[in-house]
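The values are calculated or read from the model by the stated rules, or taken from the named source; none is laboratory data. These figures come from a predicted structure and were not determined experimentally. Using ideal geometry, Cβ is built from the backbone for each residue, glycine included, and neighbour counts are taken over all protein chains shown. Surface areas here come from the heavy atoms of the whole protein model, side chains and all, with no ligands, DNA or RNA. Shrake-Rupley method; radii C 1.70, N 1.55, O 1.52, S 1.80 Å.
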Amino acid sequence: MSAHIAADDRVSAVLADFVTNSRWEDMPDTVRHAARRSLLNGLATAFAGSGDSAIDIAARTMLPFAGTPEATLIGRAEKADAMTAAFLNAAAMNVHDFDDTHIRTVIHPAAPVAPALLALAERQRISGAALLHGLALGIEAACRIGNAVSPGHYARGWHITATCGVFGAALAVGKVLGQDSRTLVHALGAASAQSSGLVETLGFMAKSIGVGSACRGGLLAALLAENGLGGPDRPLEGPRGFLTVTGDKPDFGQVTGDLGTRWEVLRNIHKPYPCGVVLFPVIDACLALKNERGIQAAEIEAVTLYGHPLLRQRTDRPNVETGREAQVSAQHAVAICFLTGKAGLEQFSDAAVANPEVLALRARVRMKDEADRDFTGVRAVVSLKDGRSEEIIITDAKGTDNGPLSDGEIEAKFRTLAAYGAPQCRDAEKLIDAVWALDKSEDAGAIMALARPAP
């Protein structure tokens, strides 16, 4: 349905009504468990990012202006006011691009939503069930809004995690605060005034500013609405609303259709590798060729990747110079996998990018389009110096819709990332258990004590 035909639809109001009337006990068990998984995965990536240079700079810049130190900075010794903590924790959660991903839209929904709720939970008492409920609804809303403007929104250059994430955060916080539908629409209006973020910043520190701002902005929007700040009646679907302005042909039905029966939160996957999702099949292929078939980097004459055009469009970057840029470089992913047999945070670091062996091997990588191949798969052909060749075809790469991480794999990821980014925080096992049982807690904010360095 076109935006013009649906101009009188009550998209914002219908979404707000759904959030207002939603009950935790009525949610499917799968949805409730998906919220726990997203929170655990998000905390893991926040630990990993907590000491990143971009987060250090942001904290050093913002903390002198911070208010009452009431909220935890995950993996760090400092505390801050709720707004600042929401910003910094969201930026840390997303900085390595290792967080959850709604594949259809490539939104990373937990980062702009979860830290807003966690910061609020340290400011006022919130039950664990209420926090998880808000998280599930915030993720759902962000992804549905993203569906409505995809794929044109991202293609235009909007960083969809930030632009749509602010709405998810606003509705999540508004739900926890018990706001009625009218107030939630006003929160959407305040969020729409802050929706921003550009793809041009990906691969650079500036990317984290958009995600942090989305989280802080969503928290601010809900609190402004709580205190009576008004806004437009149709902030999403109005003639100059978010969907109409930022979408080529916005599909309003993607926001309101099958609410409560079709759950986008169930399509939210968790990354096995700290890079763009289109690189997952490439990494699967190269690790299998290296670790299972025994191909050594020194044997390789050339590597040719046959993939969906999106693979080449997003990741044909042979000359990256930093670890951040490497997260969206197929050439780097191929080289580092064949050289190390691994694809973790250390493999996408500045040091790995500068390795002369990596530089030499990535120059031998070629990319060709196969339009009928899904972007969750790839065909990789390795030409060897002795004239032989090896081919492997990957479908449904690990970490995609049909290859999700198990709960155990998310726990293992948590342990690895906590040790990597915040080894001084020694309560990883307790925090894992606390997240799985969070819906039984009357004080969700109490888990944040487990995310601080040991005294």
Distance in Å, no decimals, from the C-alpha centre of region 328-358 to the one of region 378-408 is 17 Å
Here the FRET efficiency for GLU301 versus ASN227, based on Cβ atoms and R0 = 60 Å and rounded to 0.05, is 0.35
Placing +1 on each Lys and Arg Cβ and -1 on each Asp and Glu Cβ in the chain, then taking the dipole about the Cα centre, the residue among ALA434, THR322, VAL245 whose Cα reaches farthest towards the positive end is THR322
GluC sites (Glu not before Pro) in region 223-326 lying in a DSSP loop, each with at most 13 other Cβ atoms within 10 Å of its Cβ, come to GLU292, GLU321
Of all C-alpha pairs within region 338-455, those more than 24 angstrom apart amount in percent to 54 percent
The size of the Cβ-based charge dipole (Lys, Arg +1; Asp, Glu -1) of the chain about the Cα centre, to the nearest 20 debye, is 500 debye
In region 329-384 the accessible area split gives carbon plus sulfur, as whole percent at 1.4 Å, a share of 49 percent
Once amide hydrogens are built 1.01 Å from N within the peptide plane, the residues lying 5 or more places from ILE269 or on another chain with amide H under 5 Å from its amide H are THR101, HIS102, ILE103
Ranked output for segments 46-59, 86-99 by mean other Cβ atoms within 10 Å, highest leading, reads 86-99, 46-59
Computed for region 122-201: size of charge dipole around the Cα centre, +1 on C-beta of each Lys and Arg, -1 on C-beta of each Asp and Glu, debye to nearest 20, value 140 debye
Rounded to whole angstrom, the alpha-carbon centroid of region 244-292 lies from that of region 125-141 at a distance of 21 Å
In whole Hz, the Karplus estimates of ³J(HN,Hα) for region 255-264 (6.51, -1.76, 1.60; θ = phi - 60°; x where Gly or Pro) are 7, 9, x, 6, 4, x, 10, 9, 10, 6
Given backbone amide H placed at 1.01 Å from N, residues whose amide H is under 5 Å from that of MET367, ignoring those fewer than 5 places away on the same chain, are LEU305
The FRET efficiency for ARG240 and GLU321, from their Cβ-Cβ distance with R0 = 41 Å and rounded to 0.05, is 0.50
Counting only protein heavy atoms and rolling a 1.4 Å probe, one gets per residue an accessible area for the chain in Å² of 38 Å²
Whole-percent carbon and sulfur contribution to the accessible surface of region 61-184 (1.4 Å, no ligands, DNA or RNA) stands at 53 percent
If every Lys and Arg gets +1 and every Asp and Glu gets -1 at its Cβ, then about the Cα centre region 321-423 yields a dipole, in debye to the nearest 20, of 340 debye
For region 218-321, the percent of accessible surface on carbon and sulfur atoms (probe 1.4 angstrom, ligands and nucleic acids excluded) is 46 percent
With all protein chains in place and a 1.4 Å probe, TRP158 shows an accessible area in Å² (nearest 10) of 70 Å²
Here, PHE65 and ASP396, labelled 7 Å along Cα→Cβ, have an inter-label distance in nm of 4.9 nm
So the angle from the long Cα axis of helix 160-176 to the longest Cα principal axis of the chain, reported in degrees to the nearest 10, equals 40 degrees
For LYS249, counting only lysines whose alpha-carbon sits under 28 Å away and dropping same-chain residues fewer than eight positions off, the answer is LYS207
Set LYS175/LYS440; LYS79/LYS342; LYS290/LYS398; LYS398/LYS430, cut-off 23 Å on Cα-Cα distance; pairs above it are LYS79/LYS342; LYS398/LYS430
Here the averaged projected area of the chain, based on the convex hull of its alpha-carbon atoms and given in nm², is 20.3 nm²
Taking Lys and Arg as +1 and Asp and Glu as -1, residues besides GLN179 with C-beta under 14 Å from its C-beta add up to -1
